[in-house]
Every structure is written in C-alpha cells, then in structure tokens.
Amino acid sequence: MKTNLTKTCLALIAGALSAAASDPAPKKYHFEARASALDSRAREYPKIDFVFGTSAKPQDMQHAVVDTGVASRGQLVIWLMGYNSQLFDRLASYGLHAIQPHYANKWFSKVCLEKPVGEHCRGNMRLEAATGENFTEVVDIQPPDGMKERARQFVAWLVKKHPAGNWAQFLTADGKDLRWDKVIMAGSSHGSTTSARFAKHQKVARVVMLCGPRDNYQVWQALPSATPANRYFGFSHVLDGGWTADHYCRSWEMLGLHEFGPIVNVDQARPPYRDSRRLITSLDVKNDAKRAHSAVTPGGSSPKNKDGSLAYEDVWRYLFTHPVNQIGDAMQPDESCVKDQRARDFGR
C-alpha cells in the first residue's frame, strides 16, 4: 500500500513539473483553501485560540500566490502572519512563490504569562506551534496541526490544483516533506519571531524578520542555529517599541547579525545597504509607535514618496532576494543595547 502511494505521489510530482514547463496564460494566480478541508486530521485548540471558525467566517483560510509570467527564483516564502495582499503581490513580482498557512499564532495572550516568564516558555511554544512536535507542556499540538504539516498539505494541494505553477519543486521526492532548502521563512512582529525560532531548529534558505524578532526575556536567540546566521534579515522602525526597548537590537546581536554588517538606516542609503542584515528606518510615522511597528510591512501605515509610491520598495526586494553569501563587514556588539533584560527589569 505504501509503495503504491509513493509511486502515485512521484508520478503526480513528475507530471506537475512537466506541465509547469509552460503556462499558456501566464499571469498572477491567487488561491485560497481552508486547512480543515485539506486534512481530515486537522483539529482545533481553543485554549490558544487555534480554531477553524465557521463557513461564514472561517479562521483557517490559507492563501497562496505565484506569478507564472515572472521568471521563478525557485523559492517558497512561508508567511507567518495574516494574509497581506500587498506583500504577496510584491513577492510574486520577485519570482517567488508564497503561502500563508493557518497555524497557532494567537497564543501570545493566553499562555506564558508569568512575570517574569520562563526563559524557554515562549520559545518552546513557538517551536511546538511551528512543528507540531512536543517542545512544551503548555499545550499539546499534534503534527497535523503544526505549521510544517499544514504548509506541506497546502503545497501538495497546490501541486494538484495548479500544475503550471510548479509547486511540486517544493516537495521532497516522496512528497512527505517540504524542500526546506528552498523555503524562506518570513513574518512581521509575532510572525517574524516564530520564523526566526523555527529557523534555529530547521535549516532554511532565508529568514525575513519585519519588526522583529522580540521575546526579550527568552534565550533561544543565542542557541546554535540550523540556519546559518548570514541568512537572517531584519528591518524595523526606530520608533517601534521593540526598538526603543532594545528588543530588536538584542535579538539581532544574539542571532549574530552584527557579524555581517552595521545597522544601516535605509533612508540614507541605497541597495545593497552595505550587505547588512540589520536595517532600520526613521521616516515620518506621525510619532506613533504602533504605526511605526507596522510601517515596515507593505500597507496603509508604510510611508510614501512624494509620487504616492511606497518608500520601502527597494528594501523589501533586498530582504527577500539579496544573495545570502554577500555579507558586510563584521561589527562589534553594541554595549548600549541591553541584552540581559531579565536582570534589568526583575533583578534576576
């Protein structure tokens, strides 16, 4: 039985790769599918607000975008935040495939609320939500409900749904896993933090961290990383509370990003930004910290040029496409950036 299933899967992938050689109607495609409809094993976890919703208001809707009229880069972006059509349009224009899977991303206000929170509580919770493997006793997420399996199920569905999109390139030969060497993990805020935590565990092609990562009382940022440190890219606004409270500078240095270039203000520089992994901006956000937090992601809060275009177009392209082997000069750690925030805030 297993042999037949494997042969069927291999044949499906081969057929999809062949069909993708040319798209008779090249264009940008957008697909939607509910996680609960793709895998009968998927279930809800109300304790952490990981639920399906209703047919009228589904909470497990997943999105995918690809533009077959653009030369493919052969990489898949997995976005760990709410669907952002403006971002996905740009990713497609870069020649990237992109998906937004449904995974547990609302647990932050429900668990790990101790003050001070344990040094591993949030990091382990993030990893369990991402993998469906047992990393914490806070909640027991099963493999079909982790981001990894839900993303795999989604890609497998896209292989059948859209052969011309060449989604099959992101599945292993037996179809049992994603080709993580072709995956870019990305997110904003909470999602960028989980992306970085997952990349510590699983080697991926790149990590893009918009307004993140945070977890200022956690220590996972300094753990050995399966993903080489030069593959992590961060971008934040200087008025964002995560910047003013040293959350970002702390995480960036613990991840080792100072080894690959200085902190560069993109308002005063042009690509390739000294090949740095640490980018900041200080453009006008009406002195609003919340707006500053979302400004670095395409959308209504992102600053515009005089002609009405968004100001960070070059930055987003750089973050997602700059060659990872091109690195800037190593910098010394910033002594003014507080790394031990537990001691600072709780005296321990």
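Every number here is computed from the coordinates shown, using simple stated rules; none is lab data. Only a predicted model underlies this, so the values are computations on that prediction, with no experimental measurement involved. Every residue, glycine as well, gets a Cβ built from its backbone with ideal geometry; the counts of neighbours run over all protein chains shown.
Of note:
- Label-point separation, GLN86 to ARG41 (7 Å along Cα→Cβ), nm: 3.9
- Bridging of LYS304 to lysines at a Cα separation below 30 Å is possible for LYS27, LYS28, LYS286, LYS290, once same-chain residues fewer than 8 apart are set aside.
- Considering only GLY165, THR227, ALA245, and ranking their Cα positions along the charge dipole of the range 148-268 that arises from unit charges at the beta-carbon of Lys, Arg, Asp and Glu, the one farthest toward the positive end is GLY165.
- Per-residue ellipticity at 222 nm, computed for the chain from helices alone with -39500 (n - 2.57) per DSSP H run of at least four residues, works out to -8500 deg cm²/dmol.
- Between VAL219 and HIS30, the FRET efficiency estimated from the beta carbon spacing at R0 = 35 angstrom works out to 0.35.
- Angle in degrees between helix 147-161 and the longest Cα principal axis of the chain, rounded to the nearest 10: 40
- Stretch gain in nm, segment SER282-ALA330, where the contour uses 0.36 nm per residue and the Cα spacing is subtracted: 14.9 nm
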